[in-house]
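*Asks:* I'd like to ask some things about the structure below.
The values are calculated or read from the model by the stated rules, or taken from the named source; none is laboratory data. Treat the numbers as computed from the prediction; the structure is a model and nothing was measured. Neighbour counts run over all protein chains shown; Cβ positions are idealised from the backbone, glycine included.
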Amino acid sequence: MTARVLITGGAGFIGARLARRLLAGGEHVTVLDDLSAGSLDALPAGPGLEVLVGDVRDAEAVHRASARVDLIFHLASVVGVDAVTADPGRTGDVIREGTEAVLRAALDRGCPLVFFSSSEVTDGPRRGPREVYARAKRDAESLVLGQAHVPVTVVRPFNVVGAGQSARGGAVLPTLAGAARRGEDLLVHGDGHQTRTFLHVEDLLDATTAFVRGQRAAGSQREVVEVGDTRPVAIGEVAERLARLAGRGARVRRGAGSTAREDRPRRLPDLTALCAHVDFRPRHALDPILRDVLVGA
Ligand code: NAD
């Protein structure tokens, strides 16, 4: 796409995959990450990659990291229910102040910005820490969309999964996969009929990069795009399949713990914007996704 790309949060689950594919395509990549959740191990060694360990709220660090870049992907964020609950104040700050610093750099450099928001902005207001995350992402969206000087793409991913995703933030699939790998009980909240959709990270990146290309070709300055799978599966079914695929004799235990964490609206992406620029067909079906998650668990 371009010659030099900055990825904030580039040592994280999605960011490191993005870095790998851009490097493989011959682009130069600068990663800015404070390693609060990400790891340098996720990134390939070799030429073309520069890593700066720093905080995205630090405007000076972002300014340095964005030197000579043609495009910025802004992914740095506190992510996951557990991480957000542990520090709601930092969550809001990192998202709002970080996006402010990144937008300033994009404006200074005159380069396009791709901001990773979240499907959670599409939920109605809720109480509790999740709302802190959603509200901060909504504010950040308004901020980047509220200027008219550089092209902006706001990406709202819906439940993205794949090898390398940490269970640390409380993500459901890595947590279940870890238990399946260890041969431990897979604890499913409630009756297991609650559904989710899962999109493989490579399908997210295929769609996002194709969309950004399409947006550029169309000369569009501002786009908001939802990206996700539209085929819901029950969590109980996912757990059964993981236990079977792992082959370690793990059993699924339903009704474990509180259902409060699972009690959220069934969310499906609106793919209208995506399909205006992209012929979107996720390559990964559920079992290949689960096998991939098991490899990394
Ligand atoms: P992740 O936690 O693996 O990656 C986030 C990265 O940001 C980590 O490497 C972390 O160290 C870094 N980071 C956190 N605070 C920072 C700070 N102050 N300064 C610099 N770096 C900081 O999460 P991910 O799943 O790769 O998510 C990437 C982006 O996609 C996030 O913006 C997230 O909100 C969004 N998103 C992800 C999903 C999903 O399903 N994974 C869904 C919706 C939105």
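*Asks:* Just checking: which of the helices (runs of 4 or more DSSP H) contained wholly in the stretch 53-170 hold 2 or more residues that are under 17 Å from the mean Cα position of the chain (by Cα) and among the β-branched types (V, I, T)?
*Replies:* Numbers: elements: 59-65, 81-86, 88-109, 129-145.
Where helices (runs of 4 or more DSSP H) fall fully within the stretch 53-170 and carry at least 2 residues being under 17 Å from the mean Cα position of the chain (by Cα) and among the β-branched types (V, I, T), they are 81-86, 88-109.
*Asks:* May I ask you to verify whether R213 is basic (K, R) and buried (at least 17 other Cβ atoms within 10 Å of the Cβ)?
*Replies:* no
*Asks:* Looking at the stretch 34-52, which of its residues are more than 11 Å from the ligand (Cβ to nearest atom), in a loop (DSSP other than H, G, I, E, B) and farther than 27 Å from L107 by Cα?
*Replies:* Answer for the stretch 34-52, where residues must be more than 11 Å from the ligand (Cβ to nearest atom), in a loop (DSSP other than H, G, I, E, B) and farther than 27 Å from L107 by Cα: P44, A45, G46, P47.
*Asks:* Can you pull out the residues in the stretch 95-108 that are surrounded by fewer than 24 Cβ atoms within 10 Å (Cβ to Cβ) and near the ligand (Cβ under 9 Å from one of its atoms)?
*Replies:* E97
*Asks:* Turning to a different aspect of this structure: When the residues of the stretch 234-260 are filtered to those that are β-branched (V, I, T) and surrounded by 15 or more Cβ atoms within 10 Å (Cβ to Cβ), which remaining residue is farthest from Q194 (Cα to Cα)?
*Replies:* So, considering only residues that are β-branched (V, I, T) and surrounded by 15 or more Cβ atoms within 10 Å (Cβ to Cβ), the one farthest from Q194 (Cα to Cα) is V252.
*Asks:* Follow-up question, since we're still on this one. Contact list please: Cβ distance under 7 Å, first residue in the stretch 201-213 and of a type in the set (F, W, Y), second residue in a helix (DSSP H, G or I), pairs at least six apart or on different chains.
*Replies:* Pairs that qualify, where the first residue is of a type in the set (F, W, Y) and the partner is in a helix (DSSP H, G or I), are F211/L274; F211/H277.
*Asks:* Which members of the stretch 136-187 meet the condition of being within 12 Å of the ligand (Cβ to nearest atom), surrounded by 20 or more Cβ atoms within 10 Å (Cβ to Cβ) and aliphatic (A, V, I, L, M)?
*Replies:* A136, A140, V154, V155, V160, V161, A171, V172, L173 - these are the residues of the stretch 136-187 that are within 12 Å of the ligand (Cβ to nearest atom), surrounded by 20 or more Cβ atoms within 10 Å (Cβ to Cβ) and aliphatic (A, V, I, L, M).
*Asks:* Collect the residues in the stretch 16-54 that are β-branched (V, I, T) and crowded, with 21+ Cβ neighbours inside 10 Å, keeping them in residue-number order.
*Replies:* Matches in the stretch 16-54: V29, T30, V31.
*Asks:* Name the residue, out of A83, A61, that is at pLDDT 95 or above, surrounded by 16 or more Cβ atoms within 10 Å (Cβ to Cβ), under 30 Å from R130 (Cα atoms) and not polar (S, T, N, Q).
*Replies:* Testing whether each residue is at pLDDT 95 or above, surrounded by 16 or more Cβ atoms within 10 Å (Cβ to Cβ), under 30 Å from R130 (Cα atoms) and not polar (S, T, N, Q) leaves just A61.
*Asks:* If P125 meets every condition in (1) at pLDDT 95 or above; (2) away from the ligand (no atom under 11 Å from the Cβ); (3) out of contact with any Leu (no Cβ under 9 Å at 6 or more places or on another chain) apart from one, which number is that one?
*Replies:* The single condition P125 does not satisfy is (1).
*Asks:* Go through the stretch 62-77 and count every residue that is of a type outside the set (S, T, Y), in contact (Cβ under 8 Å) with a residue 40 or more places away in the chain and closer than 9 Å to L32 by Cβ.
*Replies:* Of the residues in the stretch 62-77, 3 are of a type outside the set (S, T, Y), in contact (Cβ under 8 Å) with a residue 40 or more places away in the chain and closer than 9 Å to L32 by Cβ.
*Asks:* Sort out which residues of the stretch 208-238 are in a helix (DSSP H, G or I), within 17 Å of L71 (Cβ to Cβ), away from the ligand (no atom under 13 Å from the Cβ) and not aromatic (F, W, Y), and write them in order of number.
*Replies:* The answer is T209, A210, V212, R213, G214, Q215, R216, A217, A218.
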